[in-house]
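Step one of this worksheet: look at the structure below.
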Amino acid sequence: MDYKIEVNKLKLYYGDVLALKKITINIVKNSVLALIGPSGCGKSTFLKTINRMNDLIETVKIEGEILLDGMNVYHPNVDVVMLRKRVGMVFQRPNPFPMSIYDNIAYGPRIHGQSNKGKLDEIVEKSLRGAALWDEVKERLTSSAMGLSGGQQQRLCIARLLAVEPEVLLMDEPCSALDPISTMKIEELVTELKDKYTIVMVTHNMQQAARVSDFTGFFLNGEMVEYDKTDAIFTRPQDNRTEDYITGRFG
């Protein structure tokens, strides 16, 4: 298998508290990995280690390594801005910038030096098409992004990521604030996007994990209890704790 990300004996401490316990996992290129488990078990913390969002917390200390195409993302010479260009993130609640739909998408390319109007127009259209949003907003690109529905705002945030041509998409419960129809659109989008991107998605929704992911990792108390192909996790879990969680005995 072709691995995009290799995680070796990753530990994360908040001060003296061990929050992630020796996580070892290989993430297959162009696949969707769902991370499941009860609240506060380390899923989102793990997600944020991949693009070093946890660097923003002073008390965090990390041991072990995360390799992106063989490059240790925690090596002192790594350019964190470029890392986050390669590894983009979508959060639980949509967070569009208070500017036009067009400027939301063009923001990243402009920061990275793109100023050609024709090229920006291309990027905006391509990114919105990639996020299955173009047909809904093409007549109102100069309107504020804040006027979009919640589901549209979340797809806009995905388009904003696509505009800087990432390789990995991290999604932290991207549907938790959305209605069922918007959720379905995001799920369909995730399935389409994996042809071009490697996707790691935190979800509390078991059915969602079963529907959209190729692989599933079950977290409990900062430990990766089990990791396998999704159908195996849901039909033949190897660990009793996984089975108990999936069948609703706890969590």
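The values are calculated or read from the model by the stated rules, or taken from the named source; none is laboratory data. Small disclaimer: the values here were computed from a predicted structure and weren't measured. Every residue, glycine among them, receives a Cβ derived from its backbone with ideal geometry; neighbour counts consider all protein chains shown.
Some notes on this structure:
- Count - residues of the range 214-251 that are part of a strand (DSSP E or B) and either of a type in the set (A, V, I, L, M, F, W, C) or free of Cβ contacts under 8 Å to residues at least 12 places away in the same chain (or both): 6
- Under the condition of being in contact with a strand residue (DSSP E or B) (Cβ under 8 Å, 6 or more places away or on another chain) and farther than 27 Å from Leu169 by Cα, the residues counted in the range 210-251 number 3.
- Qualifying residue in the range 150-172 (condition: farther than 25 Å from Arg52 by Cα, of a type in the set (A, V, I, L, M, F, W, C) and over 13 Å from the mean Cα position of the chain (by Cα)): no
- Criterion applied to Met82, Met71 was being under 20 Å from Val164 (Cβ atoms) and loosely packed, with under 12 Cβ neighbours inside 10 Å, and the one residue passing it is Met82.
- Annotation note: of Asn8, Asn30, the sole residue that is farther than 26 Å from Asn221 by Cβ, surrounded by fewer than 18 Cβ atoms within 10 Å (Cβ to Cβ), of a type outside the set (Ser, Thr, Tyr) and modelled with pLDDT of 95 or more is Asn30.
- Flag for Gly118 being at positive phi, surrounded by fewer than 20 Cβ atoms within 10 Å (Cβ to Cβ) and without any contact (Cβ under 8 Å) to a residue 24 or more places away in the chain: no
- Only one of the numbered conditions (1) assigned to a loop (DSSP other than H, G, I, E, B); (2) in contact with a Pro (Cβ under 9 Å, 6 or more places away or on another chain); (3) modelled with pLDDT of 95 or more is not met by Arg160, and that is (1).
- Residue in the range 159-180 that is farthest from Phe91 (Cα to Cα), counting only those that are out of contact with any helix residue (DSSP H, G or I) (no Cβ under 7 Å at 6 or more places or on another chain) and among the hydrophobic types (A, V, I, L, M, F, W, C): Leu161
- Of the residues examined, Ser39 is not one that is touching a Phe, Trp or Tyr at 6+ places or on another chain (Cβ under 8 Å) and surrounded by fewer than 21 Cβ atoms within 10 Å (Cβ to Cβ).
- Which numbered condition Ile105 misses (of (1) assigned to a helix (DSSP H, G or I); (2) farther than 19 Å from Val202 by Cβ; (3) in contact with a strand residue (DSSP E or B) (Cβ under 6 Å, 6 or more places away or on another chain)): (3)
- Filter result for the condition that a residue is crowded, with 19+ Cβ neighbours inside 10 Å and within 27 Å of Gly15 (Cβ to Cβ), over Thr59, Thr45: Thr45
- Residue-level check: of (1) within 22 Å of Leu178 (Cα to Cα); (2) among the basic types (Lys, Arg); (3) assigned to a helix (DSSP H, G or I), Lys119 misses just (1).
- The residues of the range 131-167 that are touching a residue at least 24 places away in the same chain (Cβ under 8 Å), surrounded by fewer than 16 Cβ atoms within 10 Å (Cβ to Cβ) and of a type outside the set (Gly, Ala, Ser), listed by number, are Arg140, Thr142, Met146.
- Conditions (1) within 19 Å of Ile158 (Cα to Cα); (2) at pLDDT below 95; (3) buried (at least 21 other Cβ atoms within 10 Å of the Cβ): number failed by Asn51: (2)
- His204 falls short on exactly one of the conditions (1) part of a helix (DSSP H, G or I); (2) touching a residue at least 40 places away in the same chain (Cβ under 8 Å); (3) not hydrophobic (A, V, I, L, M, F, W, C), and that condition is (1).
- Just so you know, in the range 35-63 the residues that are within 14 Å of Val225 (Cβ to Cβ) and in a strand (DSSP E or B) include one that is farthest from the chain's Cα centre (by Cα), and it is Ile36.
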